[in-house]
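Q: Before anything else, here's the structure in question.
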Amino acid sequence: DLDGKFSYSPVIMVRKEKKTISGISLSPNPVVSGASTTVRFEAVQNSLVNIRIVDMAGRQVLQQQNSVSQGTNSIRVNNLNNLQSGIYIIQLVNGNELSTFKFSVVQ
């Protein structure tokens, strides 16, 4: 300011919480109609995860719920063969946490 004085604000600690779900992958990607599709990810604890498929317009087109355990999880995603060709987002919802991964579907 104009008189040349200054003061420091109090120091605060900010912690970023570690995600409970990480390393999401979908196999195969692109998803081929009729093929079995698996989502794979790491979980830090046992929990119940909602898996949602959302199109690029933001509409939820599929949903399923699965129990997951601590460590690496592989879950078969059901009914992806009903989707039209295009780009989609898979969302894994664990409590208040949302993890996403983009994938494509081809006929």
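Q: For segment 75-102, give me each residue that is free of Cβ contacts under 8 Å to residues at least 60 places away in the same chain and not in a strand (DSSP E or B).
A: Answer for segment 75-102, where residues must be free of Cβ contacts under 8 Å to residues at least 60 places away in the same chain and not in a strand (DSSP E or B): Asn78, Asn79, Leu80, Asn81, Asn82, Leu83, Gln84, Ser85, Asn96.
Q: What about Glu42, is it touching a strand residue (DSSP E or B) at 6+ places or on another chain (Cβ under 6 Å) and among the acidic types (Asp, Glu)?
A: yes
Q: Could you please let me know if Ser36 is at pLDDT below 90, open to solvent by 50 Å² or more (accessible area, probe 1.4 Å) and among the hydroxyl-bearing types (Ser, Thr, Tyr)?
A: Against the criterion (at pLDDT below 90, open to solvent by 50 Å² or more (accessible area, probe 1.4 Å) and among the hydroxyl-bearing types (Ser, Thr, Tyr)), Ser36 qualifies.
Q: Taking only segment 60-95 into account, find how many residues are under 12 Å from Asn50 (Cβ atoms), surrounded by fewer than 13 Cβ atoms within 10 Å (Cβ to Cβ) and modelled with pLDDT under 90.
A: 1
Q: Tally the residues that are in contact with a Phe, Trp or Tyr (Cβ under 9 Å, 6 or more places away or on another chain) and of a type in the set (D, E, K, R), restricting the search to segment 91-105.
A: Summing the residues that are in contact with a Phe, Trp or Tyr (Cβ under 9 Å, 6 or more places away or on another chain) and of a type in the set (D, E, K, R) in segment 91-105 gives 1.
Q: Please specify each residue of segment 35-51 satisfying the condition of being assigned to a strand (DSSP E or B), within 19 Å of Gln107 (Cα to Cα) and in contact (Cβ under 8 Å) with a residue 40 or more places away in the chain.
A: Thr37
Q: Does segment 4-28 hold any residues that are charged (D, E, K, R), loosely packed, with under 10 Cβ neighbours inside 10 Å and modelled with pLDDT under 85, and which are they?
A: Matches in segment 4-28: Arg15, Lys16, Glu17, Lys18.
Q: Here's a follow-up. Restricting the search to segment 11-34, which residues are closer than 13 Å to Ser69 by Cα and not in a strand (DSSP E or B)?
A: Across segment 11-34, the qualifying residue is only Thr20.
The values are calculated or read from the model by the stated rules, or taken from the named source; none is laboratory data. Note that the coordinates shown come from a computational prediction; the quantities given were computed from them, not determined experimentally. Cβ: placed from backbone, ideal geometry, glycine included. Neighbour counts: every protein chain shown. Side chains included, ligands, DNA and RNA excluded: accessible areas come from the protein's heavy atoms. Shrake-Rupley method; radii C 1.70, N 1.55, O 1.52, S 1.80 Å.
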